[in-house]
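Reading through the structure tokens given below for one structure.
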Amino acid sequence: MITREEIKNLASLARIEVTDLEAEKLTKEVLAILDYVDQIQEVTGVIENKVSEHRNVMRDDVVTNSSGLYTEKLLSNAPSREGNYLKVKKILG
């Protein structure tokens, strides 16, 4: 629960002038916002509990081809090369 005095204190910290009428209105608005945040937290808590029940099953990484098997074929299409590397223009001075 937030009070009118706390709203005035927050306004003071933010260097905002707030009248008593504005503080009263802001108190109601902040309470409505906080109630809404509570509702969202309840829903996300339920969702988090359901999500944690499921696990992502990943397969192990397995090398399916031998190293360098396609290197020559790929590099033969390059406009310029140096050994087993592509040769490109220098872009940084």
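What follows draws every value from the coordinates through simple rules; no lab data is involved. Predicted, not measured: the structure shown is a model, and the values here were computed from it. All Cβ positions, even for glycine, are placed from backbone atoms using ideal geometry, and neighbour counts span all protein chains on display.
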- request: Provide Rg and Dmax in Å for the chain, with only Cα atoms included in the calculation.
  value: 31.2, 79
message: Within the chain, how many Lys pairs that are eight or more residues apart, or on different chains, come under 25 Å at the alpha-carbon?
response: 5
field: Helix axis angle, 4-13 relative to the chain longest principal axis, alpha carbon, degrees
entry: 50 degrees
message: Report the Cα-based extents of segment 4-52 along its three principal axes, largest first, to the nearest Å.
response: 47, 18, 12
query: Which net charge results for the neighbourhood of Ala11, defined as the other residues with beta-carbon distances under 14 angstrom from its beta-carbon, given Lys and Arg at +1 and Asp and Glu at -1?
result: -3
message: Let's see if you can work this out: charge +1 on each Lys and Arg Cβ, -1 on each Asp and Glu Cβ, no other charges. What is the dipole magnitude of the chain about its Cα centre, in debye to the nearest 20?
response: 1080 debye
